[in-house]
Structure formats: C-alpha cells, structure tokens
1. Can you tell me the mean projection area, over all orientations, of the convex hull of the chain's alpha carbons? Units nm², please.
2. What spacing in nm lies between the two simple spin-label points modelled at residue 87 and residue 60, each 7 Å away from Cα in the Cβ direction?
3. How much length, in nm to one decimal, is gained on full extension between residue 22 and residue 49, taken as 0.36 nm per residue of separation minus their Cα-Cα distance?
4. Full extension from residue 95 to residue 41: what is 0.36 nm times the residue separation minus their Cα-Cα distance, to one decimal in nm?
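Just so you know, all these numbers are worked out from the coordinates, no wet-lab data involved. Just so it is clear, the structure is predicted and the values come from calculations on it, not from any experiment. Positions of Cβ are backbone-derived with ideal geometry, glycine not excepted, and every protein chain shown enters the neighbour counts.
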Amino acid sequence: MKAYILLFVSIGFEVLGTSMLKLSDGFTNLIPSVVLLVSFALSFTLMGIVLKTIPLSIAYSVWAGLGTVATGLIGVFIYGEVLSVLNSLGLLFIVLGVIVMNQNRNEVTT
C-alpha cells in the first residue's frame, strides 16, 4: 500500500512538472523552469523507489496513464484548452486501461 501512495505522489510531481512546461515558456521563465526540474527529479526518484515493490509494467502504466489523464484535465481546467469528444474518449480508454492493468497485479511476478 505504501508503494502505491509513493506512486501517486510520483504522479503528482510528474503532472506538476509537465504543467510547468507551458509556464516555463521554453525555459525562459526561471521559477516555472526550476519547479519543472525539481518536480521531475522528485518524480523519477520516487518512481525508482516504487519499482522496488511494484512491477515495472504495472507501475509505469499507472504512472503514464494517470499522469496523461491528469495533465489533460489540467489543460482543460487551468489552461482553458478544449478536448474533442474523441480526445475525451481517449482519456477514458487510458483510465480503463490502468484499471485493467491493475486487475491481476497480484499475478505479475517480479
């Protein structure tokens, strides 16, 4: 359970870092650029710790999938981006994929 908490914290830092990419304006704005780099460093450090417990296939699918969905939602709610019906359907499929990947997590061996 602790590993999954660390995984979600890692996802949070990854999403924060990715969100700062837009604000960094090509690394020309100092504060968003520093937040981006620190967030990615923390995210990857935590992911390395998580991988001691959770298999790579599960951890990375959750990390990438939920990170993508969260970043997409931030784009909509924070940056005012518009998702088409097809884009929204794609995000839904990502969430469903993460759920499916975790259904048999106890059967995956490391």
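1. Averaged projected hull area, Cα only: 7.4 nm².
2. 2.7 nm
3. 6.9 nm
4. Length difference between fully extended and current span is 16.9 nm.
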